[in-house]
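The values are calculated or read from the model by the stated rules, or taken from the named source; none is laboratory data. Values in this document were obtained by computation on a predicted structure and should not be read as measured data. Heads up, the Cβs are rebuilt from the backbone with ideal geometry, glycines too, and the neighbour counts pull from every protein chain shown.
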Amino acid sequence: MAVTGSVIERVDHCGIMGAGTSFSVERTSVRDLAGVTADGVGGMGIAVQDQLSEFPRGVLSLQASTIVRARTAGVAVFGSDVAIGSTIVRHMLPTERPIGTALYVVASMTGRRSAGTVDRTSIQGAVLTGLRASDSDVVVTATAIDGVASVGDQFGDGICSESVDMTSSVEIRDTVISRSARAGISSFAGDVQMAGVRLNCNPIQLNSEPGATGLGFHDEGDNWCGCDHAAGTCQILSSSLEPPPMLPPL
């Protein structure tokens, strides 16, 4: 399946969804996904998931597209593969309870890891997290994440790597993360590799919470922490933070 040069708007549950199949979305606008209610039911831009274990993984290629005003997730990936490039996700809608993220890459209920790449993508005005990887592997390159908001003074991280049942791995290169409400990058027992990352004006630039499966942060050089033109130290804190709640399964 291919969706090209289209506009999809004012949808309650999910703008585009694929299960156990391969599909592509290119030069398409998905917008105004308010959901069934304001408490986080529905309101996803694009979602891909696997099926039962004997069926293939889902595979999504998302290129040169925009997702605007989704509520629970701009892109949600459950036990599948995703490649996102030259895409804008912005102006997430607020929720009454803490649930939601711009890019959500997690293992499925069947136990399959997700894997994804995010390249030359802009995330603006997300809620709770800009990108969240849970029990999955994600590579982020040449991407900008700005202004991730909290909900009720809770959460608000640019990128979150979380290990629950398996080790989560996030590799971040040549990327800018600015003005998150809580942390620029947070690790909840997750592995984070950084090179050429600029962390700008985040209250906590780097936060790591321990766990049995996590490998922590790896500084591979040319990283910068500070606020605007004032450089600081890329210090890893452990501030007893909690990860945001998981999204409900599709």
Filter result for residue 233 (modelled with pLDDT under 95, closer than 24 Å to residue 107 by Cα, more than 20 Å from the chain's Cα centre (by Cα) and not hydrophobic (A, V, I, L, M, F, W, C)) | no
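Say we look at segment 23-38 and pick out the residues that are at pLDDT 90 or above and in contact with a Lys or Arg (Cβ under 9 Å, 6 or more places away or on another chain); which of these is nearest to residue 89 (Cα to Cα)?
Step one: filter segment 23-38 for residues at pLDDT 90 or above, giving 23-33.
Right, trim to in contact with a Lys or Arg (Cβ under 9 Å, 6 or more places away or on another chain) and you get 31-33.
Details: 31: 10, 32: 12, 33: 12 Å.
Only one residue tops the list, namely 31.
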Considering each residue of segment 84-95, count those that are buried (at least 24 other Cβ atoms within 10 Å of the Cβ) and modelled with pLDDT of 95 or more, and give that number.
-> 3
Taking segment 236-250 and keeping residues exposed (fewer than 12 other Cβ atoms within 10 Å of the Cβ), closer than 18 Å to residue 188 by Cβ and either within 17 Å of the chain's Cα centre (by Cα) or of a type in the set (Val, Ile, Thr) (or both) leaves 242
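Within segment 96-160, which strands (runs of 3 or more DSSP E) (wholly inside it) include 1 or more residues that are surrounded by fewer than 22 Cβ atoms within 10 Å (Cβ to Cβ) and either touching a residue at least 12 places away in the same chain (Cβ under 8 Å) or of a type in the set (Asp, Glu) (or both)?
On the way: elements: 101-106, 115-119, 122-124, 129-134, 137-141, 144-146.
It comes to 115-119, 122-124, 137-141, 144-146.
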Subset of segment 187-216 (residues that are farther than 18 Å from residue 130 by Cα, in contact with a Ser or Thr (Cβ under 9 Å, 6 or more places away or on another chain), surrounded by fewer than 20 Cβ atoms within 10 Å (Cβ to Cβ) and not acidic (Asp, Glu)) | 196, 210, 211, 212, 213, 215, 216
Name the residues in segment 165-186 that are closer than 18 Å to residue 116 by Cα, surrounded by fewer than 24 Cβ atoms within 10 Å (Cβ to Cβ) and aliphatic (A, V, I, L, M), would you?
-> 166
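Does residue 144 fit the bill of being aliphatic (A, V, I, L, M) and more than 10 Å from the chain's Cα centre (by Cα)?
On the way: aliphatic (A, V, I, L, M): yes; more than 10 Å from the chain's Cα centre (by Cα): yes.
Against the criterion (aliphatic (A, V, I, L, M) and more than 10 Å from the chain's Cα centre (by Cα)), residue 144 qualifies.
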Can you run down the residue pairs with Cβ atoms below 9 Å, 6 or more apart or on separate chains, where the first is in segment 217-240 and over 26 Å from residue 163 (Cβ atoms) and the partner is exposed (fewer than 14 other Cβ atoms within 10 Å of the Cβ) and of a type in the set (A, V, I, L, M, F, W, C)?
-> 224/231
